[in-house]
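Right, one structure below, let's go through it.
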Amino acid sequence: MNYSKQIILLLLLFVFSTQLSIAQSSGYDKLGMDAMMKRDFKGAVGQLEKADTKNPNNPIVLKMLGYSYFQCGDFENSIATYSRLIALKPSDNSAYYYRGKARLNVANDPKESLNQIRESFYISAIKDFTKGIEINGEEDTQLLQNRALAYKDYGIYKSYKIKKSTEKAAVVALFNNSIADFQKVLVVQPLRKDIISLIDYVKAQISSLK
């Protein structure tokens, strides 16, 4: 696990533990958080599912459960859980962030049964990141970067299906949206060589369409 991911996990666990200290605990939620601290996300899911059954619609449990599903690669259950959380707390930008990432992962690596609806996952992921940006502002580089990636990946997916000029224009628009978001990241973090490389890559994708 790299340093930045470790910091994010520690911050999340601090928030969870603070919230649990003022909320009614079922016991399973604390066991779930303990498992998360050990990065045993499969074990966390087992405990948190029990907590959810015992105390449905607890936003703290749903947030931990959605995150644990995500870390286990169970993106469909993560999406469903974050959707329940958003229904309870529609202003929780982290729920839109992780639901968007889960949807983008499904779109980029779909099960055969989901192959026909890949486009809807790309569109939904972009909407989630956009909502998160509306809530948290355009200084949130994580949301901007992930929306840029979603535009890029969606554009690549659509580029394989181009049959007429209007479809080509739609793909170019997606790539341009991706570049615009990457450039916004550079305004806040101008030394990001990875972002500069991604911009060059997307520009090359546009050139390849001509």
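The values are calculated or read from the model by the stated rules, or taken from the named source; none is laboratory data. This structure is a prediction, so every number in the text was calculated from the model and none was measured. Heads up, the Cβs are rebuilt from the backbone with ideal geometry, glycines too, and the neighbour counts pull from every protein chain shown. Surface areas here come from the heavy atoms of the whole protein model, side chains and all, with no ligands, DNA or RNA. Shrake-Rupley method; radii C 1.70, N 1.55, O 1.52, S 1.80 Å.
With respect to residue 180, determine if the residue is over 16 Å from the mean Cα position of the chain (by Cα) and of a type outside the set (D, E, K, R). Here the answer is yes, as residue 180 does meet what is asked.
Scan the range 134-170 for residues that are of a type outside the set (Ser, Thr, Tyr) and more than 22 Å from the chain's Cα centre (by Cα) and jot them down.
Residues satisfying the conditions are 161, 162, 163, 164, 167, 168, 169, 170.
Of the residues 179, 206, 196, only one is over 25 Å from residue 75 (Cβ atoms), β-branched (Val, Ile, Thr), open to solvent by less than 20 Å² (accessible area, probe 1.4 Å) and part of a helix (DSSP H, G or I); which? Steps first, please.
Details: 206 fails: open to solvent by less than 20 Å² (accessible area, probe 1.4 Å); 196 fails: open to solvent by less than 20 Å² (accessible area, probe 1.4 Å).
Every option except 179 fails the conditions.
Of the set (1) in contact (Cβ under 8 Å) with a residue 40 or more places away in the chain; (2) open to solvent by less than 60 Å² (accessible area, probe 1.4 Å); (3) closer than 26 Å to residue 210 by Cα, all apply to residue 172 but (1). Figure legend. Inter-residue proximity from the range 192-210: first residues closer than 15 Å to residue 150 by Cβ and in contact (Cβ under 8 Å) with a residue 12 or more places away in the chain, second residues of a type in the set (Phe, Trp, Tyr) and open to solvent by 70 Å² or more (accessible area, probe 1.4 Å), beta-carbon distance below 7 Å, spacing 6+ or different chains. No pairs are indicated. Looking across the range 164-196, the residues that are more than 17 Å from residue 153 (Cβ to Cβ) and of a type in the set (A, V, I, L, M, F, W, C) come down to 169, 186, 187, 188, 191, 196.
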